[in-house]
Structures are given as structure tokens and as C-alpha cells.
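A short write-up of the structure that comes next.
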Amino acid sequence: MAAVSEAKLDMYDDFGEAVEGDMTVPNQQKDHNQRNEPEFNTLDEPIRETVLRDLRAVGVKFLHVLYPKEKKSLLKEWDLWGPLVLCTFMNTLILQGSAEKANSNDGGPEFAEVFVIVWIGSMTVTLNSKLLGGNISFFQSVCVLGYCLLPTTIALIVCKMILWSFTQSYFLFIIRFVVTMLGFAWATFASMVFLGDSQPAGRKALAVYPMFLFYFIISWLVISHT
């Protein structure tokens with residue numbers, strides 16, 4: 001018995017020191033390398049790098065909206081930073097309105113109006129898409145609809161620059177109307193490119209009509225409040 005006890009003590013004494021090392025799974029590491037994903041934890045990176053990385057991602061999504069060739073760019077890694085920035089920026093410009101509306105202190109309802117139309121409208125369009133059998137998540141659809149507001153936002157900037165640079169006239173109104181319609185058409189086209197394949201073949205028209213109406217109402221706000 002004494003010999004057995006000494007053998008047990010010797011066996012456990014071999015592990016008296018702390019055991020250190022990394023536990024890695026070769027297959028998972030290989031998958032990360034094939035997908036070119038970062039091997040570090042983003043929780044450990046500096047805040048500055050995180051912000052810059054997110055800004056670059058938002059900028060890339062904006063470029064994809066202006067040139068909607070790659071269909072899965074907005075669907076793969078969705079976020080709501082771009083839609084929030086565009087909505088806030090549009091509110092800032094629309095809040096100013098014309099000189100008469102600015103003097104009448106009518107900015108509050110306009111601010112709420114744009115927010116309600118953009119967010120509730122995009123949620124309604126997304127819900128319609130899901131009810132039609134679309135194979136896309138709720139936040140992916142809201143992300144795409146929000147990012148595709150970029151052409152309409154650019155049209156709003158152009159209309160504001162025209163108003164600030166020239167005196168109001170019928171000819172300038174026609175120019176602003178054409179610019180707004182171009183932004184509306186491009187926003188609708190971009191959203192159809194990204195969301196068209198997610199709808200069943202026989203129900204694409206039913207899914208496109210709410211998107212058409214959504215961007216038309218926002219474009220109407222642009223032309224009527226500038």
C-alpha cells in the first residue's frame with residue numbers, strides 16, 4: 001500500500017508547475033485564413049481603429065449604392081449607421097425649408113415627419129417583403145432601404161444649392177424637379193437590384209410597388225420643402 005501511495009504522489013507531482021499553452025482548432029484557423037478574416041478579437045483593438053473601420057465600411061456601402069453592381073454587399077454585413085446619417089442629414093436640410101416656413105417656426109413637425117416616413121416606411125416595406133415570402137432578414141431590408149436614400153439625399157443637396165445660389169423661378173423649379181426625379185429613379189433602381197432576388201419570382205411586382213411608393217414620398221418631401 002505504501003508503494004502504491006508513493007507512486008500516486010509521484011504521478012501528481014509531475015504536474016506541480018502551471019500548464020500554459022494555446023488551444024487551437026486547425027480546421028477553424030484554416031477557415032479563417034481562407035475567408036481572409038482578421039484573427040484578432042475586435043474587442044481588443046483601439047477605438048480609433050474601430051471607428052475608422054466602420055467608416056470605411058459605410059463608405060463602401062455608399063459606393064455600392066451609387067454603382068449597384070455587386071448585389072450582396074449591403075446584405076452580407078448590414079448596419080444602420082448609413083441610414084441614420086442620411087436621415088439626420090436630410091432632416092437638417094429639410095428643417096431649414098423655405099424662408100416663409102422658417103419664419104413661421106414650422107420646423108418641428110417637419111423633423112418628425114421625415115423620421116416617421118423613413119423609419120416607419122422602411123419597416124412597412126420590409127414587413128410587406130416578408131409577408132410575400134422574401135428570404136431576407138428584417139434588418140437587412142431596412143439597411144438596404146436606408147442606404148438607397150443616398151441618391152435622394154444628393155438630389156436634396158443639389159436643390160438646396162440651386163436655391164441658395166439663384167432666385168426662385170419656374171425654370172429653376174423644373175431643374176429641381178428633374179434632379180429630384182433622377183434621385184428617386186436611382187434610389188428605386190438600386191433598391192431593386194439589392195432586394196429583387198430575395199423575392200419569389202411571381203411576386204416581385206408586389207414587392208417593388210411599396211419601394212416605389214416609399215422613395216416617391218421622400219422625393220416629394222424633397223421637392224416640396226426646398
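For residues in the range 44-79 being among the small types (G, A, S) and modelled with pLDDT of 75 or more, which is farthest from W186 (Cα to Cα)?
Ranking the qualifying residues of the range 44-79, first place goes to A57.
Inside the range 103-139, can you point out the residues that are at pLDDT below 80 and either assigned to a helix (DSSP H, G or I) or among the hydroxyl-bearing types (S, T, Y) (or both)? Hits for the range 103-139 are N103, S104, G107, G108, P109, E110, F111, A112, E113, V114. Could you list, in sequence order, the residues of the range 186-204 that are buried (at least 16 other Cβ atoms within 10 Å of the Cβ) and free of Cβ contacts under 8 Å to residues at least 12 places away in the same chain? Across the range 186-204, the qualifying residue is only K204.
Looking at A207, is it under 26 Å from the mean Cα position of the chain (by Cα), farther than 24 Å from A57 by Cβ and exposed (fewer than 14 other Cβ atoms within 10 Å of the Cβ)?
Values: under 26 Å from the mean Cα position of the chain (by Cα): yes; farther than 24 Å from A57 by Cβ: yes; exposed (fewer than 14 other Cβ atoms within 10 Å of the Cβ): no.
Here the answer is no, as A207 does not meet what is asked.
Restrict the check to the range 147-157 and report whether at least one residue is out of contact with any helix residue (DSSP H, G or I) (no Cβ under 8 Å at 6 or more places or on another chain) and modelled with pLDDT of 85 or more.
For the range 147-157, residues out of contact with any helix residue (DSSP H, G or I) (no Cβ under 8 Å at 6 or more places or on another chain) and modelled with pLDDT of 85 or more: absent.
Kindly check whether there is at least one residue in the range 161-178 that is within 14 Å of L221 (Cβ to Cβ), touching a Cys at 6+ places or on another chain (Cβ under 7 Å) and modelled with pLDDT of 85 or more. Working first, answer last.
Filtering the range 161-178 for residues within 14 Å of L221 (Cβ to Cβ) gives 176-177.
With touching a Cys at 6+ places or on another chain (Cβ under 7 Å) added as a condition, the list becomes 176.
Pick out the ones that are also modelled with pLDDT of 85 or more and you get 176.
So far as the range 161-178 goes, yes, one or more of its residues are within 14 Å of L221 (Cβ to Cβ), touching a Cys at 6+ places or on another chain (Cβ under 7 Å) and modelled with pLDDT of 85 or more.
Within the range 163-181, is even one residue assigned to a loop (DSSP other than H, G, I, E, B) and among the hydrophobic types (A, V, I, L, M, F, W, C)? Please lay out each step first, then the result.
Just the residues of the range 163-181 that are assigned to a loop (DSSP other than H, G, I, E, B), to begin with: 166-169.
Now narrow it down to the ones that are among the hydrophobic types (A, V, I, L, M, F, W, C): 166.
Yes.
Just to be sure, is L163 closer than 20 Å to E113 by Cβ, among the aliphatic types (A, V, I, L, M), over 20 Å from the mean Cα position of the chain (by Cα) and surrounded by fewer than 20 Cβ atoms within 10 Å (Cβ to Cβ)? It is true that L163 is closer than 20 Å to E113 by Cβ, among the aliphatic types (A, V, I, L, M), over 20 Å from the mean Cα position of the chain (by Cα) and surrounded by fewer than 20 Cβ atoms within 10 Å (Cβ to Cβ).
The values are calculated or read from the model by the stated rules, or taken from the named source; none is laboratory data. Small disclaimer: the values here were computed from a predicted structure and weren't measured. Here the Cβ is made from the backbone with ideal geometry for all residues, glycine too, and neighbour counts use every protein chain on show.
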